[in-house]
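The values are calculated or read from the model by the stated rules, or taken from the named source; none is laboratory data. From a predicted model like this one, the values you see are computed outputs, not experimental measurements. Please note: Cβ atoms are built from the backbone with ideal geometry, for glycine as well, and neighbour counts cover all protein chains shown. The area values use the complete protein model at the heavy-atom level, side chains included, leaving out ligands, DNA and RNA. Shrake-Rupley method; radii C 1.70, N 1.55, O 1.52, S 1.80 Å.
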Amino acid sequence: MDESARICLWHDSADEAVHAARLVGSRLRNPVVVIRDADHLADELAGGEVAICVLDAAVFERAAALLDGRARDRASIGVLLVVRPGASVPAVPPGIKVRLLRLHSPFCAALPVLIDSELASQAAERELRETLERLERHAAMLQDAERVAGVGSFVWDLARDRLWISGEFARIRGLQWSDDFVSFERCVGVAHDEDRPRIVAAVESARVDGLPFALDYRIVRSDGTTRCVHCEAQVERDRDGRAVRILGTEQDVTERIDAESDRERLESQLRHAQKLEALGRFATGAAHDFNNVLTTILGHSQLARLALRAPVVSVVDVAEHLIAVEAACRRATSLTRQLLTIGRREPSRVERLDLHAVLVDHEAMLRRLVREDISIDIRFGSTNPIVELGRDAFDQVLMNLVVNACDAMPKGGAIRIETGDVQFDEDAAAMPPGALSGAYVRVRVTDTGVGIPPENLERVFEPFFTTKPRDKGTGLGLAIIQGISTQAGGFVTVSSRVGKGTTFDVHLPVAGAAATAAARADAARDHVEDLGGRETVLFCEDEDRVRESLAAALRARGYRVLEASDAVQALAIAASHHGRIDLLVSDVVLTGMSGPRLARTLVETRPELRVLFVSGYAPDELDDVDAHEVGGARLLEKPFSGTELLRRIRQVLDADPADS
């Protein structure tokens with residue numbers, strides 16, 4: 001209570017007023033002023049310290065005009081109007097707050113108590129007013145904070161089924177905001193049709209089970225624009241554990257998602273640029289190797305022809321020449337696949353990968369990537385090198401590390417690539433945060449280059465960080481390696497000494513026992529397996545020599561083969577063939593009509609038809625092909641041998657239709 005507030009007493013009788021002032025002053029600490037006339041009251045009111053005026057009914061009319069003006073100008077003053085019992089009450093202007101006191105005399109003992117009560121009431125009103133002002137300020141600050149941060153909020157009273165939303169929440173959703181509650185149906189109604197079931201399920205789980213949730217979903221505003229939002233909510237419970245309220249926030253993350261998409265697109269373009277750079281390094285050596293392969297094929301073909309013209313034909317000599325030709329063709333096949341791998345744009349497909357087999361396949365390619373003054377040594381130390389990773393992804397990890405090692409050795413040196421087994425426990429110090437304990441295959445790439453300074457060692461995995469000249473590197477190579485390893489459940493570590501060289505350790509989780517056994521079984525497949533059949537195969541290939549040789553291989557194994565050089569001829573053959581056609585083998589790229597379109601057309605009239613596509617390009621031509629719609633379509637990438645084609649044909653024909 002404010003003890004500095006002044007109390008004014010004005011009575012028609014001066015003696016009465018003085019007696020009342022003494023009585024009040026003896027009970028309260030507030031200063032008491034006896035008012036002489038209207039001018040005196042005006043002066044006191046102008047001072048701004050008056051809290052209460054005790055007025056006799058006889059002087060009230062003279063004070064009313066002054067008090068009414070004061071009430072409109074500033075805070076109102078408490079007025080105690082003393083009226084004797086039975087006397088009439090004067091008219092009170094609406095702007096004056098009056099408390100009527102029926103007293104025989106203004107200096108009765110009850111007056112101090114009544115004044116004290118009025119002061120307490122004023123203090124309570126003042127505190128309430130200040131509290132409301134603080135709440136309004138805080139509400140305004142919260143609204144400003146939500147607007148600046150772009151985060152809206154909501155409170156859902158489950159008992160009364162009332163949902164209150166903030167202004168920013170309404171703005172994000174394109175709703176008209178008011179202080180009143182809104183319906184849940186109205187809020188969820190702006191969600192995208194495909195996302196609405198997930199939202200309803202999460203909210204229902206929160207209501208029934210009290211589970212918090214965090215969701216990303218799309219909303220469609222009234223103007224037709226689609227936005228992406230992130231919503232998080234918690235559940236409040238009562239003493240009995242029942243959910244009573246759901247409190248949450250919602251943020252518009254459209255720009256962030258667009259930025260992430262742009263960044264991923266940029267990184268994809270840069271990754272492809274790195275592949276093209278590696279392709280350029282590879283091309284020179286590959287051209288040399290192709291010339292050697294062609295020379296080998298031509299030479300042994302001529303020798304075999306001469307051996308067949310000899311007076312006595314030596315089957316052994318002819319067989320040796322044919323074996324040499326086959327080996328050269330396999331070498332050409334390996335070179336072609338490496339070229340396709342480096343230039344391919346589509347995301348890597350996860351598969352069971354034997355890292356030792358990959359390193360053996362790539363050894364020659366890696367040697368062509370490096371300069372003549374750099375040696376490469378590959379050592380196999382892992383007893384279980386089977387991982388689950390895309391072949392293209394591991395190729396890129398390997399090439400980036402080898403290229404970086406070459407750049408670190410401008411005066412030549414040595415690169416060692418070795419595998420090993422590593423077992424990490426939960427408290428292993430070498431594991432980065434977030435990595436899981438377990439068995440890993442470690443691929444270590446060590447160079448004898450200039451090394452990395454300590455101040456740069458912690459930054460080497462940062463995107464766009466590079467110590468190379470501007471035209472020599474993008475700064476994304478090691479970031480990509482780390483990203484590929486992380487997506488595979490692994491991690492990368494680095495150690496280096498200036499002038500001594502650098503070591504990168506790529507840790508990849510060992511595939512599960514079943515996957516490992518399957519991979520080893522694939523690698524050790526029995527070559528005497530039965531790949532023959534009696535089914536009818538429609539073979540559509542526009543390259544005559546390829547079609548004729550492969551069709552002959554199929555006939556040799558018992559298949560009935562219908563040959564077509566293009567889609568039009570294939571459709572005509574199918575229309576005139578009255579028997580069953582079990583399988584279509586078709587190139588993806590054909591003149592006039594594509595392989596997928598041919599397959600769709602044939603399946604319409606022959607729904608039992610199985611389909612196997614072959615292609616020498618990256619398999620993104622089949623992205624729009626529904627395997628269930630088009631005969632369980634599979635793909636075999638060129639180049640391949642007759643045995644590989646026979647094996648894939650049996651897989652397609654013997655597969656359960658439900659697995660297609």
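Identify the residues of region 558-601 with backbone N under 15 Å of a label point that sits 7 angstrom from the Cα of Thr536 along the Cα-to-Cβ direction, or state none.
Inside the label zone: 559-564, 570-585.
What nm distance separates the two modelled labels at Leu294 and Asp161, each placed 7 Å from Cα along Cα→Cβ?
8.0 nm
According to a simple spin-label model (label point 7 Å from Cα along Cα-to-Cβ), what is the distance in nm between Arg545 and Arg36?
Spacing of the two 7 Å Cα→Cβ label points: 13.1 nm.
In nanometres, what is the gap between the two model label sites at Arg29 and Leu128, each 7 Å from Cα along Cα-to-Cβ?
2.6 nm
Using a probe radius of 1.4 Å on heavy atoms only, what accessible surface per residue do you get for region 531-611? Whole Å² is fine.
Here the per-residue accessible area is 47 Å².
If you count only protein heavy atoms with a 1.4 Å probe, what accessible area per residue comes out for region 128-263, rounded to a whole Å²?
On a per-residue basis, 62 Å².
Based on the Cβ-Cβ distance of Glu604 and Glu204, what FRET efficiency does E = 1/(1 + (r/R0)^6) give at R0 = 45 Å, to the nearest 0.05? Spell out each step's value before the answer.
Numbers: r = 43 Å, r/R0 = 0.96.
Between Glu604 and Glu204 the formula returns 0.55.
Only residues of region 367-410 count here: report those whose backbone N is under 15 Å from the spot 7 Å along Cα→Cβ of Val360, or say none.
378-386
If you take the beta carbon distance between Ala572 and Glu458 as r and set R0 to 45 Å, what does 1/(1 + (r/R0)^6) give as a FRET efficiency, to the nearest 0.05?
After rounding to 0.05, the efficiency reads 0.10.
On a full-extension model of 0.36 nm per residue, what is the gain between Asp68 and Arg245, subtracting their alpha-carbon distance, rounded to one decimal in nm?
Extending this stretch completely gives an extra 59.0 nm.
What FRET efficiency do you get for Leu653 and Leu266 if R0 is 35 Å and r is their Cβ-Cβ distance, rounded to the nearest 0.05?
0.20
How long are the semi-axes of the ellipsoid equivalent to region 96-163, from square roots of 5 times the Cα gyration tensor eigenvalues, in whole Å, largest first?
In descending order the semi-axes read 46, 16, 8 Å.
Would you grab the residues whose amide H sits under 5 Å from the one on Ile35? Only those 5+ places off in sequence or on another chain, please, with H modelled 1.01 Å from N.
So Ile35 has HN proximity to Leu9, Trp10, His11.
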